[in-house]
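Accompanying notes for the structure given below.
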Amino acid sequence: MVVERLRETRETRVRVKLSLNFEEFPIKINTGIGFFNHMLELFAYHSGTSLEVEAKGDLEVDFHHTVEDVGIVLGEAINEALGKRVGIARYGEATIPMEESLSQAVIDLATRPYLHFEAKFPAQKVGDFDLELVEEFFRALVFNARFTLHLRNLYGKNSHHIAESLFKAFAYAFKRALAPVEERIVSTKGTL
Ligand SMILES: [Mn+2]
């Protein structure tokens, strides 16, 4: 299934096209923020999704609105693409290194929006990207995609590597939580 969403506010215009199948269409990311493009490309590639993101935001203010709104719209698209969340593993975990940096992501795709975020960046910025926006992005994403994510950096020195290991760990945990299982809902309640 291909999901398309558009969100326009006075601050941003964000278009997301998403399929949970990587063979659907090529990855194409343009948010106007180089480092953020890099992170979203990593997520799409390593999670095995097809993703297009096009964002035009008030970058002259700062990157906050654009990053948060991409998180919201991508989250909404994921929620829609997940549908009834039937026949998937539900839980996914990944611990991923990027050179000296190691990060862990644990996901529960049940519809309980929750983010535990634990990462400290030695630098404030990578390029002109403010690293405190990494947490803002993941918060907007999980609250709109409606799942639980525990994301933490275990250790690391280089801020670029720390961010990259967080996004990759998230991507692999997500991919594993999506892994097909027998056609039933993985909950003793019978619903997620
Ligand atoms: Mn990199």
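Laboratory data are not the source of any read-out in this text; all were calculated from the coordinates shown. All of these numbers come straight from a predicted model, not from anything done at the bench. Neighbour counts are summed over all protein chains in view; Cβ atoms, including those assigned to glycine, are modelled from backbone coordinates with ideal geometry.
The ranking of Thr31, Thr191 from fewest to most other beta carbons within 10 Å of each one's beta carbon is Thr191, Thr31. Stretching the chain fully between Arg152 and Glu136 yields a gain of 4.3 nm (0.36 nm per residue, less the alpha carbon separation). Remark: region 95-109, residue by residue, has Karplus-estimated 3J(HN,Hα) of 10, 10, x, 9, 6, 7, 9, 10, 10, 10, 10, 10, 10, 10, 7 Hz, where x stands for each Gly or Pro and the curve is 6.51 cos²θ - 1.76 cosθ + 1.60 at θ = phi - 60°. Restricting the GluC sites (Glu not before Pro) of region 133-185 to loop positions (DSSP other than H, G, I, E, B) with no more than 15 neighbouring Cβ atoms within 10 Å leaves Glu182, Glu183.
GNM on the chain, alpha-carbon springs under 10 angstrom: the most fluctuating residue among Ala173, Ala81, Ala145 is Ala81. Spin-label model, Glu80/Asn21: points 7 Å from Cα along the beta carbon direction are separated by 1.8 nm. Computed from the C-beta positions of Lys189 and Thr95 and an R0 of 30 Å, the FRET efficiency is 0.55 to the nearest 0.05. Taking the alpha carbon gyration tensor of region 2-177, multiplying each eigenvalue by 5 and rooting it gives semi-axes of 22, 21, 14 Å, largest first.
Taking 20 Å as the straight-line reach from the Cα of Lys175, the lysines in range (excluding those fewer than 8 positions away in the same chain) are Lys17, Lys28, Lys84.
Restricting region 47-122 to GluC sites (Glu not before Pro) that sit in a DSSP loop and have at most 16 other Cβ atoms within 10 Å of their own Cβ leaves Glu60, Glu99, Glu100.
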